[in-house]
Structures are given as C-alpha cells and as structure tokens.
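To start, the structure itself, in structure tokens.
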Amino acid sequence: MNEPMNYALIGEEGTVYNIIWLCAENCGDFPNAICVFDRPVIIGDRYADGEFLRDGEVVQPYIE
C-alpha cells in the first residue's frame with residue numbers, strides 16, 4: 001500500500017483551492033489533484049506548466 005501524500009486540488013484557472021492527503025492509488029478519483037511532493041504549496045498558489053507558483057516565483061522544495 002502506498003503512503004499518503006499531500007495533493008493540491010487545482011481549479012479551472014490553475015489556482016490551488018485545497019490541499020488534501022491522498023494515496024497515489026486513489027488519485028484517479030480526483031482528476032484535478034497534483035502531488036506537491038516536498039513543496040510547501042498553499043491555497044492560492046498557482047499551477048502552470050508543471051510548476052507551482054507563488055507571486056510569480058516557483059515554490060521551492062523544503063530544505064532540510
């Protein structure tokens with residue numbers, strides 16, 4: 001079984017409108033869900049050309 005991860009739900013205009021915890025095998029139930037992996041994506045960010053953006057800048061992964 002896959003471990004759940006955070007997914008961003010993307011609206012029609014490319015804006016993140018919710019963050020959910022989801023297992024990859026259930027991703028098909030949410031066709032507008034994009035896995036955020038280790039990026040601190042928040043509601044209001046945008047998703048365009050395969051990147052999450054905040055204030056026009058790419059949201060970078062967490063740094064340990």
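Out of Pro61, Pro31, one residue alone is assigned to a loop (DSSP other than H, G, I, E, B) and out of contact with any Lys or Arg (no Cβ under 7 Å at 6 or more places or on another chain). It is Pro31.
Residues checked against (1) exposed (fewer than 12 other Cβ atoms within 10 Å of the Cβ); (2) at pLDDT below 95; (3) not β-branched (Val, Ile, Thr):
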| position | (1), (2), (3) |
| --- | --- |
| Asn2 | yes, yes, yes |
| Val16 | no, no, no |
| Cys27 | no, yes, yes |
| Asp49 | yes, no, yes |
| Glu57 | yes, no, yes |
| Ile63 | yes, yes, no |
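Within this structure, Arg46 fails the test of being over 17 Å from Gly11 (Cβ atoms) and in contact (Cβ under 8 Å) with a residue 12 or more places away in the chain.
The values are calculated or read from the model by the stated rules, or taken from the named source; none is laboratory data. None of these values were measured; they are calculated from a predicted model. Quick reminder, even Gly has a Cβ in these numbers, built from the backbone with ideal geometry, and neighbours come from all protein chains shown.
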